[in-house]
Amino acid sequence: MKVHDARFLLAATDSKSWPKEPLPEIAFAGRSNVGKSSLINALLGRKALAKTSSKPGKTRALGFIEIQAGSSRLRFCDLPGYGFAKVSKSERAAWGKMIERYVTERDDLRLVVCLVDARHPPSALDRQMIEWLTALGRPMQVVATKLDKLPRNKQATAVKKLKQELGLPVVGVSSEKGTGKDELWRVLAEATA
């Protein structure tokens, strides 16, 4: 997919701040430090549109990005990472409520991309997110990130193992190398058509 334009719209901590213009949205969810922002930047062909950080837990709001890709306009929503232990329980609970409200109430939401680190089995929190989305009937796509951190001969095996463990289709990606980017764009384009 050819991205013609992408711009950061806003960071929202409550539903009153969500963008009002109806556009199909894709949300990106995953543990802190799984590579959400890096993947968003790779998909958009930008270096720093979605903020990346060496410190997990930095994203504390819903980050909305408007995109012109091909002949379509859509939005990405970068959700705060879950599972980060160095914030207070009350802050984690507030993030959880914010994410829950967005996922359950957002009419524009077409797909949730669930990121899982390809180097490790899905965590209990990854499984909980996937089970919750399934129970809600929200369309989702599991993405195995950080493939480039694995030896080349183990990448396909890691993706296959995740598919078996979760019983769901999985797209393997490397934000660094661009692996899987075209395949993931096909999924995103289909979900927002």
- Query: Is there any pair with a first residue in the range 58-77 that is touching a residue at least 60 places away in the same chain (Cβ under 8 Å) and within 14 Å of Leu39 (Cβ to Cβ) and a second that is polar (S, T, N, Q) and open to solvent by less than 20 Å² (accessible area, probe 1.4 Å) whose Cβ atoms are under 7 Å apart and which are 6 or more apart or on different chains, and what are they?
  - Reply: none
- Query: Does the range 177-188 hold any residues that are open to solvent by less than 40 Å² (accessible area, probe 1.4 Å) and either closer than 11 Å to Thr145 by Cα or not in a helix (DSSP H, G or I) (or both), and which are they?
  - Reply: Gly178, Gly180
- Task: Quick one: count up the residues across the range 158-176 that are open to solvent by 70 Å² or more (accessible area, probe 1.4 Å) and either at pLDDT 95 or above or not in a loop (DSSP other than H, G, I, E, B) (or both).
- Result: 5
- Odd one out for Arg119 among (1) farther than 15 Å from Lys36 by Cβ; (2) outside any loop (DSSP other than H, G, I, E, B): (2)
- Query: Just for strands (runs of 3 or more DSSP E) wholly inside the range 1-112: which have at least 2 residues that are at pLDDT 85 or above and under 25 Å from Pro169 (Cβ atoms)?
  - Reply: 25-30, 62-69, 72-78
- Note on the structure: Filtering the range 138-157 for residues that are farther than 15 Å from Val113 by Cα and surrounded by fewer than 22 Cβ atoms within 10 Å (Cβ to Cβ) leaves a count of 10
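The values are calculated or read from the model by the stated rules, or taken from the named source; none is laboratory data. Given the structure is predicted, the values throughout are model-derived calculations rather than measurements. Neighbour counts run over all protein chains shown; Cβ positions are idealised from the backbone, glycine included. The area values use the complete protein model at the heavy-atom level, side chains included, leaving out ligands, DNA and RNA. Shrake-Rupley method; radii C 1.70, N 1.55, O 1.52, S 1.80 Å.
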